[in-house]
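Quick note: the coordinates plus some simple rules give every number you see, no bench work behind them. What you see is a predicted model, and the numbers here were worked out from it, not measured in a lab. Cβ placement follows ideal geometry from the backbone for every residue including glycine, while neighbour counts extend to all protein chains displayed.
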Amino acid sequence: MAASPDLARAAVPQDARDAILAWYDATGRLLAFRSTADPYAVLVSELMAQQTQAARAAEAWTAWMARWPTVASLAAAPLADVLRAWRGLGYNRRAVNLHRAADAIVERHGGVVPSSIEALEALPGVGPYTARAVAAIAFRVPVGAVDTNVRRVLGRIAAGGPEAVPGRAMQVLADAAVPCDRPDAWTHALMDLGARLCRPARPRCADCPAIAWCRYAAGERPAVTAGSGAGRRPEPSFPSTNRWLRGRILDRARGADAGAWVVFGEGIGTHEPRAVREAVAALASEGLLEVRDAAGDDVEARLPS
């Protein structure tokens with residue numbers, strides 16, 4: 001499906017945008033990181049909130065900003081301390097990338113978070129969504145930050161479902177829908193709408209401020225192609241996953257005294273010793289652990305210094 005900026009703007013009418021912003025002004029979630037437009041603080045919040053509940057991210061963000069209030073302070077911090085502070089947020093690679101991004105901002109930009117999308121995307125761990133979210137919230141650039149929630153909200157309003165707005169067309173739609181005078185509030189509003197009302201299953205359409213303009217609510221929904229959801233294998237139980245195992249390994253390393261080595265030789269949960277050693281090696285290759293050989297088949301690991 002092709003979409004020009006003019007067509008995209010028509011797909012999310014001005015009245016719909018006004019209604020969404022009015023709803024957000026009246027009911028928006030009071031999250032700690034929404035109280036600032038400081039670019040560094042916004043960058044931290046956006047990386048924390050990826051695949052993490054907003055309330056949990058907000059709590060961690062408050063403690064983080066008290067400990068490392070500037071880019072320079074984070075860049076100077078030991079990576080081990082950064083990984084310990086990240087505990088409970090999951091996807092620990094984001095902590096490493098945030099630390100590396102702080103280094104890059106100090107080295108390339110004199111400790112000042114850049115405002116251009118191109119420069120933001122060049123930072124470690126910063127992709128198209130995060131770059132646009134920082135640009136819109138911190139610098140009030142009228143660009144659309146597209147994640148799963150935003151894709152669903154805009155796709156349903158404009159075309160009955162995100163499946164009907166593939167690829168680049170969604171970014172065009174998102175950019176064209178941004179109110180030029182309130183890109184920061186608009187970014188937060190779409191996040192709230194997707195998280196609270198326009199949910200993947202059982203959306204609360206009757207409570208949605210955009211219901212009068214929404215094609216999904218009107219029943220104009222794209223056809224679901226065969227095999228789009230049917231026949232998928234059931235998800236494995238979480239303790240049996242490699243992600244669970246990696247989290248337990250990092251938790252053990254976090255719990256050790258600073259600089260202390262932790263021995264990994266036995267199984268963890270349902271994971272056999274070999275799987276544990278392989279997971280430790282993978283974490284080390286990603287910069288999340290330092291390792292050294294121990295007696296027998298054991299391996300010792302610790303958080304990076």
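With a Förster radius of 22 Å applied to the C-beta separation of Arg140 and Thr36, the computed FRET efficiency comes to 0.95. Among 54-64, 38-48, 249-259, the peptide with the highest mean count of other Cβ atoms within 10 Å heads the list, and the full ranking is 38-48, 54-64, 249-259.
So how tilted is helix 183-196 from the main axis of the chain? Cα-based, degrees 0 to 90, rounded to 10. Once rounded, one gets 80 degrees.
Compute the angle between helix 128-139 and the longest alpha-carbon principal axis of the chain, please, reported from 0 to 90 degrees and rounded to the nearest 10. Here the helix axis deviates by roughly 70 degrees. Here each label is just a point 7 Å from Cα along the line to Cβ, and for Arg252 and Ala55 those points are 3.3 nm apart. Note on segment 238-302: the C-alpha convex hull projects to 4.0 nm² when averaged across all orientations.
You can think of it this way: the chain between Asp25 and Glu286 has 89.8 nm of extra reach, that is 0.36 nm per residue less the Cα-Cα gap. Applying the Karplus relation 6.51 cos²θ - 1.76 cosθ + 1.60 with θ = phi - 60° to segment 289-298 yields 3J(HN,Hα) values of 9, 9, 10, 8, 6, 10, 5, x, 8, 5 Hz, where x marks Gly and Pro. Angle of helix 14-27 to the longest C-alpha principal axis of the chain, folded into 0 to 90 degrees and rounded to 10: 50°. Taking the centroid of alpha carbons for each part, segment 151-175 and segment 65-102 are 34 Å apart.
What's the FRET efficiency of Arg168 with Ala260 using the Cβ-Cβ distance as r and R₀ = 35 Å, to the nearest 0.05? FRET efficiency, Arg168 to Ala260: 0.10.
Computed 3J(HN,Hα) for segment 260-267, one whole-Hz value per residue from the Karplus formula 6.51 cos²θ - 1.76 cosθ + 1.60 where θ = phi - 60°, is 7, 8, 10, 7, 10, x, 9, x, glycine and proline marked x.
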